[in-house]
Amino acid sequence: MFSVVFIFSCRKPVRKENKEANPYYDRAFEYREQRMADSAYLYFNKAKDLFLIQKDSLGAGKCLVNMSLIALDKGDNFGSQELSLTAIGYFDHKNEGQFVYITSNYNNLGMATHNLRDFEGAIRFYDLAIKFSRDSLNILIDQNNKAIVYKDMKAYRVAISLYDSIINKFGDHQQEYARTLTNRAYTKWLQDPRYNAVPDLLRALVIRKEIKDLWGQNASYTHLVQYYADRPGDSALFYAKQQYQLAKEIHSPDDQLHALRELVKYSPAQETKRYFLLHQQLSDSLEIAHWNDKNQFALIRYETEKHKAEAQKAQTENVKKKNSLLIGYIIVVVLLSVLLFLYLWFRKRNRLLLQEKELEVKNTELKYVKKIHDRVANKVYHLMSEVENTNGFSRDVLLDKLEALYDTSRDISYESDEPAGEGNYATHISSMLQSYSSASTEVLIVGNDEELWQDVADLSRSELFIVMQELMTNMKKHSSAQRVVIKFQRHDSFITVSYSDNGVGMQDAPQKNGLQNTGNRINHIGGTITFESILERGLEIAISFPIV
């Protein structure tokens, strides 16, 4: 399960100041207010160049900060970080009149650096934002941002201490109070899963609804989904649906993706496929959009630098010696760049080939470990169970089964599917299941007849046999069940298998590779498998897969 963190911070716009006419700067703000981010970015870039010609370093710095904010909103964290770092040199850190822009720039650096998972760097930038801030509310917001970074570092005590120090200082700023309240409750729950975070989470949600803070409501739903993720009931599903609808309303594709991931996990089987397809379509389109934005911003910067170089070249063409010298320098730089590029490319290629080889070896090892588990280990346990539970077990039969097991272990390296069993499949699988019956464990089989298995693919039979053998082995080893009921049914073009026992359930069961492989095998034949413990005792498993 993946935990998704939402960072809330003050994005105070870097406002205009009239010093010398710059029409590009005015046009950039018009586009930004119209939510035309690409055009705003382009005109802020043009305004920056004009400010530099006018020798207005403050204006150039403000343009860079605004460009950095746009890049951050579009998911270009590296580009945003680069722009903000460049902007630092254009501000006078001794001029208090510029502190509002310096604070905004460091705050933006903190967000971009946090997104890039450089937590120590993010904290340094937030501390700088606090140092230059003269607005008490902004200071509180940056402290809240620092607490979020500490939470992501799993330094929960430090984060909670920060939240406690600011929670009662927001006065009438209900939006920031609700933000801190929900972040603190969520962090306390992360520190101690037994902590009841619901009252504070719901209280923050109510405040956000009252003040119509849609983005804040979106964050509240995210926290509530995470809190109810491992708890019984459908609360996680309910809040995931709420977040999905709200994310569509606020036009946030990233939050829609998060909500769809949760809906795939918690929705009933008949709805899961629809949410999965929606997630896949949105993910693909969003990834393309992010790449287009990043490439477009990079192209704008590239074109600007290109035009500067061309202008400089035109100026130097009048001087023959300087021009020749410049060309010589360019040739040397290009040659060195090509050589460096080739060196780095070959080194990277060799490293990738080595990694691919290591991955291939690891995958081969995992494949054979899985084969040994499915084809040998489970069969050994199955045979042990037969010997234990069958009175008068024939020595010749035992030798035959051991010989078959020996042949299987010898052939483990061959690429072949596990045979589904010769002759009557219903008899074959019933025999296997009944072999786990004993004086202390009763195994009941319902609906298993040969007619049920007509037209069922051999691969599906083979995979189901191994899955059922794994489940029965797990039951015998761990569940202490006294009664096991296995029901086979055929509905239209699907086979369903219902397994239930009255054992100890799965509350404290370790996640074994065998149980994980059952899911992989059922997925391999296009089916689904779900596990559910009942009242901390007993287990129900539902398997469904298509006939063909």
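The values are calculated or read from the model by the stated rules, or taken from the named source; none is laboratory data. From a predicted model like this one, the values you see are computed outputs, not experimental measurements. A quick note on method: Cβ atoms are made from the backbone with ideal geometry, for glycine too, and the neighbour counts reach across all protein chains shown.
Right, Y195: surrounded by 19 or more Cβ atoms within 10 Å (Cβ to Cβ) and closer than 25 Å to A147 by Cα or not?
Considered against the rule, which asks whether it is surrounded by 19 or more Cβ atoms within 10 Å (Cβ to Cβ) and closer than 25 Å to A147 by Cα, Y195 comes out as no.
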- Query: How about region 73-87: which of its residues are out of contact with any Leu (no Cβ under 6 Å at 6 or more places or on another chain) and surrounded by fewer than 21 Cβ atoms within 10 Å (Cβ to Cβ)?
  - Reply: D73, K74, G75, F78, E82, L85
- Item | Lone unmet requirement of (1) under 28 Å from the mean Cα position of the chain (by Cα); (2) part of a helix (DSSP H, G or I) for N138 | (1)
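Among the candidates Y90, Y106, single out the residue that is buried (at least 17 other Cβ atoms within 10 Å of the Cβ) and assigned to a loop (DSSP other than H, G, I, E, B). Walk me through it before giving the result.
On the way: Y106 fails: assigned to a loop (DSSP other than H, G, I, E, B).
After ruling out the rest, the residue left standing is Y90.
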- All conditions in (1) modelled with pLDDT under 80; (2) crowded, with 19+ Cβ neighbours inside 10 Å; (3) not polar (S, T, N, Q) are true of L282 except (2)
- Residue count, region 442-474, condition free of Cβ contacts under 8 Å to residues at least 60 places away in the same chain and either more than 21 Å from N424 (Cα to Cα) or among the β-branched types (V, I, T) (or both), comes to 5
- Note on the structure: Expected output for region 226-239 (first residue more than 14 Å from R194 (Cα to Cα), partner hydroxyl-bearing (S, T, Y) and not in a loop (DSSP other than H, G, I, E, B), Cβ below 7 Å, 6+ apart or cross-chain) is S235/Y228; A236/Y228; A236/Y266; L237/Y266; Y239/Y221; Y239/Y228
- Selection count, region 114-137, where residues are crowded, with 24+ Cβ neighbours inside 10 Å and either closer than 19 Å to L64 by Cβ or touching a residue at least 60 places away in the same chain (Cβ under 8 Å) (or both): 3
- Query: Within region 144-166, which residues are over 26 Å from the mean Cα position of the chain (by Cα), buried (at least 16 other Cβ atoms within 10 Å of the Cβ) and not hydroxyl-bearing (S, T, Y)?
  - Reply: L162, I166
- Of the criteria (1) touching an Asp or Glu at 6+ places or on another chain (Cβ under 9 Å); (2) in a helix (DSSP H, G or I), which one R117 fails: (2)
- Which residue out of Q256, Q226, Q217, Q243 is over 17 Å from the mean Cα position of the chain (by Cα) and either polar (S, T, N, Q) or under 27 Å from S533 (Cα atoms) (or both)? Q217
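Rundown of residues vs (1) without any contact (Cβ under 8 Å) to a residue 24 or more places away in the chain; (2) surrounded by 18 or more Cβ atoms within 10 Å (Cβ to Cβ); (3) in contact with a strand residue (DSSP E or B) (Cβ under 9 Å, 6 or more places away or on another chain), yes/no style:
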{"residue": "L42", "(1), (2), (3)": "no, yes, no"}
{"residue": "I53", "(1), (2), (3)": "yes, no, no"}
{"residue": "L58", "(1), (2), (3)": "no, no, no"}
{"residue": "I70", "(1), (2), (3)": "no, yes, no"}
- Could you count how many residues in region 490-512 are surrounded by 13 or more Cβ atoms within 10 Å (Cβ to Cβ) and at pLDDT below 90? 6
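Inside region 199-215, can you point out the residues that are of a type in the set (D, E) and either outside any helix (DSSP H, G or I) or surrounded by 14 or more Cβ atoms within 10 Å (Cβ to Cβ) (or both)?
We begin by selecting, within region 199-215, every residue of a type in the set (D, E); these are 200, 210, 213.
Residues satisfying the conditions are D200, D213.
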- In region 142-198, anything outside any helix (DSSP H, G or I), touching a helix residue (DSSP H, G or I) at 6+ places or on another chain (Cβ under 8 Å) and either in contact (Cβ under 8 Å) with a residue 60 or more places away in the chain or of a type in the set (A, V, I, L, M, F, W, C) (or both) is listed as M153, I167, F170, A197
